[in-house]
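Please read the structure below before turning to the comments.
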Amino acid sequence: YIAKDNSMLIVSIQVSHFSNIRAGNSHGGALYIVNAGLACQDISFMNCSTDEYGGAIFYHNEFNSTNYVNIIRNNITECSAKVGGGLYIYSSNRNNLVTVRFCLLERNSGSATKDQEFYGGSGIFVACRNGRIKQNILIDNIGDGSALKFYNKYESVLARKLSIDDDVAPVDKFV
């Protein structure tokens, strides 16, 4: 989902199962959320993948609206991506509270290597100004860097690195 304006919008998904989803060259193996909030609770992600960012979930927000991200009690297993094998979360907005709690991230993988500008976070890659990442379990996640990676640069450099497909979102939204 892509929000086109600065309004408050929350995508809510509860008690679901996503398995064997392959996004190919698009971000977000199972979920792709841009400039909206996300409430994701009691979800199972199994073997979801992308060649880009966010094996299970890709979340990207640059709007200044007051949204939130709640990723709570999810199981993310055997998902893969270049960066953020399980979760990729980016929010430059201080009003956007990002919470990831009580999640199990197991056997996810990140394929980016240390010689690339963005790598790591085989379980979770997060760049947010206002976040609570706690009481999660990360087991046997594989890739260069750590299973949980915090990135603290919010300039448009990271946004420009993302190659959003023209048919999915206008590129100028991220430049």
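The values are calculated or read from the model by the stated rules, or taken from the named source; none is laboratory data. Worth saying up front: this structure is predicted, and the values here are computed from it rather than measured. Here the Cβ is made from the backbone with ideal geometry for all residues, glycine too, and neighbour counts use every protein chain on show. Ligands, DNA and RNA are excluded from the accessible area calculation, which covers all protein heavy atoms including side chains. Shrake-Rupley method; radii C 1.70, N 1.55, O 1.52, S 1.80 Å.
Per-structure values
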quantity	calculated
Filter on Lys4/Lys82; Lys4/Lys149; Lys114/Lys153; Lys4/Lys114 - keep pairs with C-alpha separation over 24 Å	Lys4/Lys82; Lys4/Lys149; Lys4/Lys114
Amide H contacts under 5 Å for Val98, placed H, 5+ residues apart	Val69, Asn130, Gly131, Arg132
Residue-normalised accessible area of the chain, expressed per residue, 1.4 Å probe, Å²	45
Whole-Hz ³J(HN,Hα) from phi, Karplus 6.51 cos²θ - 1.76 cosθ + 1.60, for segment 57-70, glycine and proline x	10, 10, 10, 9, 9, 10, 6, 9, 5, 7, 10, 9, 10, 10
Accessible area (Å², 1.4 Å probe, nearest 10) - Tyr119	50
In Hz, Karplus ³J(HN,Hα) per residue of segment 28-45 (6.51, -1.76, 1.60; θ = phi - 60°; x = Gly, Pro)	x, x, 10, 10, 10, 10, 10, 6, 9, x, 9, 10, 10, 9, 6, 10, 10, 10
Counted charge near Thr77, where neighbours are those whose Cβ lies closer than 9 Å (Asp, Glu -1; Lys, Arg +1)	-1
Mean projected area in nm² (Cα convex hull; one quarter of hull surface) for segment 10-87	4.4
Against the rule of thumb 2.2 N^0.38 Å, how large the Cα Rg of the chain comes out	0.91
Fraction of accessible area attributable to carbon and sulfur, the chain (%, probe 1.4 Å)	47
Amide proton proximity set for Ser49, modelled H, under 5 Å, gap of 5+	Ile21, Arg22, Ala23, Ser80
